[in-house]
Each structure stands twice: as structure tokens, then as C-alpha cells.
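Take a look at the structure below.
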Amino acid sequence: MKQTTLHYKIDQDGNVEESVQGIEGKDCQAVTKPIEEALGNVVAQTHTADYFTSEENWRAGYDVMTEGALGDYPDD
């Protein structure tokens, strides 16, 4: 079984940076959601390569990065 690791870095202004390792796809959101809700307002999210391991998430990320070019996916 793959180990899951959550890292938190808190700067001097109280801003929290969270990173997740060992979880693929959307499962990381289920793990971090209760913590994020307890911390407060989420300012930004950046997904790692592990998030895009499923085709559904990869296509969703591609659509966002290409400003919504739905259906215009590169050949695999």
C-alpha cells in the first residue's frame, strides 16, 4: 500500500501551504477538505501530476489550461 503524506507550511503571516503525496486523482480532495474547512478561506489550489492520473481529471485540467477548448485534445 502506498503511503500518504500531508505537508503543511505556515508562514509568518499565518498563510498555510498544503501539499499531498501518495494519493492519486480526486481522492486527495476528500482527505484535505475537512482540514481546509477548519483553516478557513482557500485562496488558491494547484494540482500535482498525481491529480491528473485519471483521464477524467487530465481532460478537465487540459480544458482549463487551454481556456475551455472542449473536445480539442491532443492525440495520446
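Couple of notes before you dig in:
- Phi-derived couplings, Karplus 6.51 cos²θ - 1.76 cosθ + 1.60 at θ = phi - 60°, listed residue by residue for the stretch 11-18: 7, 5, 8, x, 6, 10, 10, 10 Hz, with x used for Gly and Pro.
- Using the Cβ of VAL20 as centre and a radius below 15 Å, the other residues enclosed give a net charge of -2, where K and R count +1 and D and E count -1.
Coordinate-derived values only; no laboratory data. Computed from a predicted model, the values in this text were never measured in an experiment. Note that each Cβ is placed from the backbone with ideal geometry, even for glycine, and that neighbours are counted across all protein chains shown.
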